[in-house]
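The values are calculated or read from the model by the stated rules, or taken from the named source; none is laboratory data. Note that the structure is predicted; figures quoted are calculated from it, not measured. Cβ placement follows ideal geometry from the backbone for every residue including glycine, while neighbour counts extend to all protein chains displayed. Remember, those area values only see protein heavy atoms, side chains included, never the ligands or the DNA or RNA. Shrake-Rupley method; radii C 1.70, N 1.55, O 1.52, S 1.80 Å.
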Amino acid sequence: MLIHFDYQNFLHSQKIRSGISKDLIDQSDLQIKSIHQEIMTERKQGKLGFYDLPDQDISHITTYLDKIKTKFDTMVVLGIGGSALGNKAIYSALKVEKQLPRKVIVADNVDPLMLKEILDVVDLNRTLFNVITKSGTTAETMSVFLILMKILKDTFPQAYKEHLVITTDKDKGFLRDIVRKEGYQDFEVPGNVGGRFSVLSDVGLVSCAFAGIDISGLLKGAADMRVICESKNIWKNPAYFNGFLHYQYMRNGKNISVMMPYANALYDMADWYRQLWAESLGKKYDKQGREVFVGQTPVKALGTTDQHSQVQLYTEGPNDKVFTFLTVSKFGYDYEIPDLYPDREEVHYLGGKKLSLLLNTERLATEIALTDAGRPNANITFDKLDEKSIGAFIFMFEVQTVFTGKLLQIDPLDQPGVEAGKIATYAMMGKPGFDKERATINDYLKTRELRIKN
Ligand code: PA5
């Protein structure tokens, strides 16, 4: 396998007194098998579409890109949440390691300075914009899309369509209408795959393939992990195992889950995980409609950088967190630290060592420090950063998230809390059909008088 999951410090031991006992895991066998059955049934019913993505035909992507890739050197993705984070995560993971020939920039905010910064650096002649939104209506994505559409029409009155691809629902939404009426190159977000589970669909694959990533390798890694995650034996299924342990930790009050890559390339992957874990599991109601207020706050930290920022808190602060390190065994490029001052013991010990050795030694040192402090921690090692290992990692965490949602008895696929914010934005920005919400918000605004005045 291309990733290795070392969970020893998640289990109860002399040092990790709050660790989960092997007995508890074994005693939960029936519950785990019943959830496994439920997942397999929902999968057959087509409710968990992400399971099928590794088998998809990708020829429509490669055919399109073969036609256009010499014309463009940059793709700007316009999207947000599940329509952006996966693109960023995979591109960041592989861009330096694989020396990718083309650039992907993700514009996932409505910050005017962010947009200016992007437009200042790209050469419009060589830039392809990929608007991604499943619903085809999200205000953030739509507003940036409208701004860009105007810029493209003004710059290339005859050829603006060639600079745009649209990735949206197959049948519904404003953007699908626009594709039908105006005729743009389009890609589809499968109906049964939710935003944050969609990175291995056209949503993520188009930008990856554009950049020069081998998308069949990503899918192969996911398919290999799918076989492993089909085991109902929790000791052989890393997704179920990690999900079960996180669930038990939540029950024991460890409501924060820190993902700490020791590789800048994987920092955006921790961001992708944050959304998946937060939006899927943070829920007010369970499936029976009872108030439960569950979820675990995902946090990202970067090794070694955050050793000088967060680790003090992690080792000595509240014991309310679980930690997952991400480690890369072999980097495609490395530096040897030169022995420039052999007579100075302060730096001589570093001389002749590889920079990656220092990085991975510091990772182990943090593991030792956390373990000595009784803080549960696990480590996922990538032999190297490549398409297969990234695909495997993504698929494992998707299965883990659904499995954990089932343990919590909530729906991991919905996001009513996000919808509430979207509705309030529509109401305040004057979208028709939101009069009632607008009136309620206006009442609230009248009560907002607590301000600090100079
Ligand atoms: O996971 C989700 O469903 C959300 O994070 C969405 O991806 C996000 O809200 C963007 O939605 P859309 O793709 O419809 O623009």
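Lysine pair count for region 281-338 (Cα-Cα distance under 27 Å; residues 8 or more apart in sequence or on different chains): 7.
With the charge dipole of the chain set up from +1 on Lys and Arg Cβ and -1 on Asp and Glu Cβ about the Cα centre, the Cα lying farthest toward the positive end among the listed residues Met429, Gly391, Gly195 is that of Met429.
For the pair Arg448 and His308, label points projected 7 Å from Cα toward Cβ lie 3.9 nm apart.
With an 8 Å Cα cut-off and a minimum separation of 6 or more residues, compute the relative contact order for the chain in percent. Each step should come with its number before you reach the end.
Numbers: 754 pairs, mean separation 96.1, N = 454.
Here the relative contact order equals 21 percent.
When DSSP beta bridges are restricted to pairs lying wholly in the chain, around 15% turn out antiparallel. If the chain linking Leu358 and Lys220 were pulled fully straight, counting 0.36 nm for each residue of separation and taking away their Cα-Cα distance, it would gain 46.5 nm. Taking 7 Å steps out from each Cα toward its Cβ at Lys384 and Glu316 produces label points 4.2 nm apart. Could you work out [θ]222 nm for the chain from helices alone, using -39500 (n - 2.57) per DSSP H run of at least four and dividing by all its residues? Round to the nearest 500 deg cm²/dmol. It lands at -14000 deg cm²/dmol. So the label point goes 7 Å from the Cα of Gln409 along Cα→C-beta, right? Which residues of region 278-305 then have their backbone N under 19 Å from it? From region 278-305, the list is 281-296.
Let me check I've understood the local charge: for Leu266, count other residues with C-beta under 11 angstrom from its C-beta, Lys and Arg +1, Asp and Glu -1. What total comes out? Result for the neighbourhood of Leu266: -2.
Enter the accessible area per residue of the chain (Å², integer; probe 1.4 Å; all protein chains in place).
48
Under 24 Å of direct C-alpha separation, and excluding same-chain neighbours fewer than eight residues apart, Lys150 reaches these lysines: Lys69, Lys71, Lys103, Lys116, Lys134, Lys161, Lys172, Lys181, Lys431. Highest mean packing comes first when the peptides 145-152, 336-343, 91-98 are listed by Cβ atoms within 10 Å, giving 91-98, 145-152, 336-343.
Counting only residues at least eight positions apart within a chain, or on another chain, the lysines with an alpha carbon under 17 Å from that of Lys232 are Lys22, Lys33, Lys44, Lys406.
Dipole orientation for the chain: of the candidates Ser216, Leu313, Ala278, Ala278 has the Cα lying most toward the positive pole (charges on Cβ; Lys, Arg +1; Asp, Glu -1).
Peptide packing for 180-188, 251-259 was compared via the average number of neighbouring C-beta atoms within 10 Å per residue; ordered from the highest value, the list is 251-259, 180-188.
Taking a Cβ cut-off of under 10 Å around Lys384, the surrounding Lys, Arg, Asp and Glu residues balance to a net charge of -1, with basic ones at +1 and acidic ones at -1.
Restricting attention to region 196-351, close to 15% of DSSP beta bridges with both partner residues there are antiparallel.
The packing ranking, built from the mean of other Cβ atoms within 10 Å per residue, places the peptides 225-236, 77-88, 308-319 in the order 77-88, 225-236, 308-319, highest first. Taking a Cβ cut-off of under 15 Å around Gly433, the surrounding Lys, Arg, Asp and Glu residues balance to a net charge of +1, with basic ones at +1 and acidic ones at -1. Once both labels are positioned 7 Å from their Cα atoms along Cα-to-Cβ, the gap between Glu336 and Ala159 label points is 4.9 nm.
In debye to the nearest 20, how big a dipole does the chain give about its Cα centre with +1 on each Lys and Arg Cβ and -1 on each Asp and Glu Cβ? The partial results should precede the final answer.
Details: 57 positive and 58 negative charges, 206 e Å.
Dipole about the Cα centre, nearest 20: 1000 debye.
A straight Cα-to-Cα reach below 19 Å connects Lys170 with the aspartates and glutamates Asp52, Asp55, Asp57, Glu182, Asp186, Glu188, Asp202, residues fewer than 8 places away in its own chain not being considered. If you plug the beta carbon distance of Lys436 and Glu38 into 1/(1 + (r/R0)^6) with R0 = 41 Å, you get a FRET efficiency near 0.65.
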